[in-house]
Amino acid sequence: MHIPDKFLKPYNPRESEGVMYKKWEESGYFNPDNLPGERNEPFTVVMPPPNANGSLHAGHGLVFAIEDTMVRFQRMCGKKALWIPGADHAGFETQVVYEKELQKEGRSRFQMDPKELYDEIMEFTLGNKSFMENQIRELGASCDWSRALFTLDDRVIKTVYDTFKQLEKDALLYRGARSVNWCPKHQTSLANLETQHHDRTDKFYYFQYGPFVIGTARPETKFGDKYVVMHPEDKRYKEYEHGQKIEVEWINGPITATIIKDEAGDPDIGSGVMTITPWHSAVDFDIAKRHDLDYEQIIDWRGKLLPIAGEFAGMPITLAREKIVEKLDAKGLLVKIDDAYEHAVPCCYKCDREIEPQIREQWFIKMGPLAERALQAVDNREVEFVTKRDERVFRHWLENIEDWPIARQIVWGIPIPAKICTTCMHGMVDLDDSIKECAKCGGAVEHDPDTFDTWFSSGQWPLCTTGFPDSEDFTTYYPTSVMETGKDILFFWVARMIMLGLYRTGKVPFEKVYLNGMVRDGKGQKMSKSKGNVVSPLEISEKYGTDALRMALIVGNTPGTDINLDIQKVNAYKKFANKLWNISRFILTAVEEAYIQEQPSLSESDAEILHAFNEIVRDVTDDLNNFRYHLASEKIYQYVWHELADVILEESKALLQEEGDAKRSRQWLLYHLLTQSLKILHPFMPFVTEEIWQSLPVTDVDMLIVAPWPKG
RNA sequence: GGGCGUUUAGCUCAGUUGGCUAGAGCAACUCGUUUACACCGAGUAGGCCGGGGGUUCGAGUCCCUCAACGCCCACCA
């Protein structure tokens, strides 16, 4: 049979992929409304919206490979397959990226008008957004662009505001002075999840504090310490009574200290006595609250000492630490220094600067009831984890959940619709800007200057993308089928979506959770810009083809396990694409069109081959239905290369020399195996399979993307 | 401090409910350019499945224990 000239050259992904994606997009098949045939059962995946502040990284490559594979498979199986793309404004993340841009120009956000800054970041983000959307196309994602959503679209903001209001009504929202993680560089509070702990060895100082010896790693906070805490049962200090006042000589002269007996005092640590700094320690703050103690700010928002420090005022804490120790030593109050004190310090996850705990009025969401309902949903199997180990991690986190501080002191984000009383700091949710005075004290109010933690809005993403509460899509596609994303955002995102989805609708936002591991470099090292080992999926796709990249990411990659993106592996699948190309060339050359239309009666050996192939199809189908992409892809690869090409094609060469029924049977079989192999391979390697499909003389449908999945 | 996990060929990893004579890719070695493909083919070599104990007719797979490594969470006296 005559074959197209293109088969005379090796497969060239560069020539093919862009054209093919365009064809798919123009076919309208990414939108389930346009899919052929009667389709009743929906299959929905909401894409984790990539941050619109840069290029896609290898992790995105993996996420899109897996999601596209599942969506293409379900589409071929006759489902109303919907994959909803999006873009994330990524609040704090993007602001940090943009601040670096500003820095390059010698500018700073702290010298800018908030509105001006917001507009600039918006322009920056929208530019990145369209850039990034094209990258998603290059990776072959068959998502429905007509339903694409941006996390700052009006629809999202409306849903987020309604949820905020609802939380207030249900008494799940509160505002209070509490210890928060403050980043002195970025000038915002952060949730615990947004800090990372670093192990450090520091000096630990023992000072004479009146009759006691106290220990501390942070002398610079000790100015305001006027409470001495010890365990009520500690026999060493039984002569002291709770509330007793004593005079002690301290850093800047004599002060009056008060004895506090509290079980937080651990007799086994140091002398068993400690002084507390409630403003700069969450533990100390809890103690202070229990006993209704005073607290005072020692360190300002930028990490420098306040006037209470006297001669040390204005000093950054590290410098002040040494000077204070020198002074206490000079006064004879330094008892000893232990220089091998090991502890973990929380740092800003973006800049690594040490977090300074500060007391600040903040909005918090009471998470207990939300977590309880989420746990119930897991118990009832309303939501199931494909990666069982993550379910255990998830449960553990929910069982120990903390209230969620949702305000950030940055401009790039959704403004918090609230008024704050300038007199008593009382906060009131105000969606329509109607509150003019404080409901508590009648004082003047002003707009809350803060924005939402970006995860608060992302946590409602499945609602927003499906058009909650009253769109037709919401009825059809919610709850969605699978949430597939990186395991690193289990708490940040997946957990919040489950809780907020349940809270707003009573239903889980998705039925299955599939968490992929992290993509590492070829040697198993974590990719990072500073190491210079970051691999761009787009560059790989350009050089080796998207299909090869996808296979390298999927084959052998067990759910939840990290994968090394080895360029040699990519190359191996580039060769495989070409192998498939040549298999097609051979078969198209060998068969005659007249013999491939209808199935003839098969020779015994051909019937066996067909039987064996159908076995593979059933096996692979079962794998795909159970998220075993790593196995399905490998099985097809093995079959196509080492059975179809190495065995069947080779023995066909002789068979096809002879005329008669055997030849007729074999011709039909070869063509059948080709078309069916293309089908089962299509979810994994969409480009090369479609390219070949469109060159076939006889097919059941024009485009492979909507070809019916073989029965097996 | 708490939680989760990993350990299988030189390297990177599969191995689904216990049936395995333990597989793949890459790397290595030998041979082969007869028209699908050198982005190839035929073949070879390489493993007490981390150590120890147990359950079982049978364990890479289940249980206990030890060891090494990794990840996550966490209020820095």
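Considered as a group, the residues in region A:323-347 that are acidic (Asp, Glu) and more than 15 Å from RNA strand B (Cβ to nearest atom) include one that is surrounded by the fewest Cβ atoms within 10 Å (Cβ to Cβ), and that residue is A:GLU326. Scanning region A:309-318 finds one or more residues that are away from RNA strand B (no atom under 15 Å from the Cβ), under 17 Å from A:GLN358 (Cβ atoms) and either touching a Ser or Thr at 6+ places or on another chain (Cβ under 6 Å) or in contact (Cβ under 8 Å) with a residue 60 or more places away in the chain (or both).
Assessment of region A:6-22 against the conditions (closer than 30 Å to A:LYS526 by Cα and in contact with a strand residue (DSSP E or B) (Cβ under 8 Å, 6 or more places away or on another chain)) yields no matching residue. Summed over region A:67-103, the residues that are assigned to a loop (DSSP other than H, G, I, E, B) and either under 30 Å from A:GLN676 (Cα atoms) or open to solvent by 20 Å² or more (accessible area, probe 1.4 Å) (or both) give a count of 4. Checking each residue in region A:648-688 for being open to solvent by 10 Å² or more (accessible area, probe 1.4 Å) and either outside any helix (DSSP H, G or I) or more than 21 Å from A:GLU608 (Cα to Cα) (or both) picks out A:LEU656, A:GLN657, A:GLU658, A:GLU659, A:GLY660.
All of (1) outside any loop (DSSP other than H, G, I, E, B); (2) away from RNA strand B (no atom under 14 Å from the Cβ); (3) under 27 Å from A:LEU370 (Cβ atoms); (4) open to solvent by less than 40 Å² (accessible area, probe 1.4 Å) hold for A:GLU511 with one exception: (4). Here region A:689-705 is the region considered, the condition is being hydroxyl-bearing (Ser, Thr, Tyr) and in a loop (DSSP other than H, G, I, E, B), and the residue that is nearest to A:ASN578 (Cα to Cα) is A:SER695.
Scanning region A:569-583 for residues that are touching a helix residue (DSSP H, G or I) at 6+ places or on another chain (Cβ under 9 Å) and either part of a loop (DSSP other than H, G, I, E, B) or open to solvent by 70 Å² or more (accessible area, probe 1.4 Å) (or both) turns up at least one hit. Evaluating A:GLU249 against the criteria (1) surrounded by fewer than 18 Cβ atoms within 10 Å (Cβ to Cβ); (2) within 19 Å of A:ALA288 (Cβ to Cβ); (3) away from RNA strand B (no atom under 16 Å from the Cβ) leaves one unmet condition, (2).
Go through region A:378-404 and give me each residue that's under 21 Å from A:GLY506 (Cβ atoms) and buried (at least 18 other Cβ atoms within 10 Å of the Cβ). Once the filter is applied, which keeps residues that are under 21 Å from A:GLY506 (Cβ atoms) and buried (at least 18 other Cβ atoms within 10 Å of the Cβ), region A:378-404 yields A:VAL378, A:VAL383, A:PHE385, A:PHE394, A:LEU398, A:ILE401, A:TRP404.
Scanning region A:599-647 for residues that are away from RNA strand B (no atom under 11 Å from the Cβ), assigned to a helix (DSSP H, G or I) and open to solvent by 70 Å² or more (accessible area, probe 1.4 Å) yields A:GLU604, A:GLU608, A:HIS611, A:GLU615, A:ARG618.
Within this structure, A:ALA418 fails the test of being open to solvent by less than 20 Å² (accessible area, probe 1.4 Å), among the aliphatic types (A, V, I, L, M) and under 21 Å from the mean Cα position of the chain (by Cα). Of all residue pairs spaced 6 or more apart or on separate chains, those with beta-carbon atoms under 6 Å, a first member in region A:217-230 that is more than 16 Å from A:ASP286 (Cα to Cα) and a second member that is near RNA strand B (Cβ under 10 Å from one of its atoms) and not in a strand (DSSP E or B) are A:GLU220/A:ILE317; A:THR221/A:THR277; A:THR221/A:HIS280. Within region A:520-540, if we keep just the residues that are within 11 Å of RNA strand B (Cβ to nearest atom) and not in a loop (DSSP other than H, G, I, E, B), the residue that is surrounded by the fewest Cβ atoms within 10 Å (Cβ to Cβ) turns out to be A:LYS526. Taking region A:187-198 as the range and being out of contact with any Asp or Glu (no Cβ under 8 Å at 6 or more places or on another chain) and either of a type in the set (A, V, I, L, M) or away from RNA strand B (no atom under 11 Å from the Cβ) (or both) as the test, the residues that pass are A:GLN187, A:THR188, A:SER189, A:LEU190, A:LEU193. Somewhere in region A:138-153, is a residue in a helix (DSSP H, G or I), under 22 Å from A:ARG408 (Cα atoms) and away from RNA strand B (no atom under 16 Å from the Cβ)? Scanning region A:138-153 turns up no residue that is in a helix (DSSP H, G or I), under 22 Å from A:ARG408 (Cα atoms) and away from RNA strand B (no atom under 16 Å from the Cβ). Selection of region A:1-46 for residues being away from RNA strand B (no atom under 16 Å from the Cβ), open to solvent by 40 Å² or more (accessible area, probe 1.4 Å) and in a helix (DSSP H, G or I) yields A:GLY18, A:VAL19, A:LYS22, A:LYS23, A:GLU25, A:GLU26, A:ASP33, A:ASN34. Taken over region A:199-231, the criterion of being within 8 Å of RNA strand B (Cβ to nearest atom), within 22 Å of A:TYR295 (Cα to Cα) and of a type in the set (D, E, K, R) is satisfied by A:ARG218 alone.
Counting residues in region A:558-577 that are more than 10 Å from RNA strand B (Cβ to nearest atom) and either at pLDDT below 90 or within 24 Å of A:PHE43 (Cα to Cα) (or both) gives zero. Of everything in region A:45-102 that is basic (Lys, Arg) and out of contact with any His (no Cβ under 7 Å at 6 or more places or on another chain), the residue that is modelled with the lowest pLDDT is A:LYS100. Considering every residue within region A:542-555, establish whether at least one is away from RNA strand B (no atom under 11 Å from the Cβ) and open to solvent by 40 Å² or more (accessible area, probe 1.4 Å). Checked against the condition, which is being away from RNA strand B (no atom under 11 Å from the Cβ) and open to solvent by 40 Å² or more (accessible area, probe 1.4 Å), region A:542-555 yields at least one hit. Restricting the first member to region A:257-276 and to residues that are over 10 Å from A:MET230 (Cβ atoms) and touching a residue at least 12 places away in the same chain (Cβ under 8 Å), and the second to residues that are crowded, with 17+ Cβ neighbours inside 10 Å and of a type in the set (Lys, Arg), the beta-carbon pairs closer than 7 Å and six or more apart or on different chains are A:ALA257/A:LYS226; A:THR258/A:LYS226; A:THR275/A:LYS222.
Residues that are open to solvent by 60 Å² or more (accessible area, probe 1.4 Å), in a strand (DSSP E or B) and within 16 Å of RNA strand B (Cβ to nearest atom) within region A:169-186 comprise just one, A:ARG178.
Out of region A:584-598, which residues are hydroxyl-bearing (Ser, Thr, Tyr) and either under 21 Å from A:LYS635 (Cβ atoms) or surrounded by fewer than 16 Cβ atoms within 10 Å (Cβ to Cβ) (or both)? Across region A:584-598, the qualifying residues are A:SER584, A:THR589. Condition (residue is at pLDDT below 95, in a strand (DSSP E or B) and surrounded by 13 or more Cβ atoms within 10 Å (Cβ to Cβ)) applied to region A:233-242: is it met by at least one residue? No, that holds for no residue.
The values are calculated or read from the model by the stated rules, or taken from the named source; none is laboratory data. Keep in mind that this is a model prediction, so the values were computed, not measured. All Cβ positions, even for glycine, are placed from backbone atoms using ideal geometry, and neighbour counts span all protein chains on display. When the accessible area is computed, the model is the full protein with side chains, heavy atoms only, and any ligands, DNA or RNA have been set aside. Shrake-Rupley method; radii C 1.70, N 1.55, O 1.52, S 1.80 Å.
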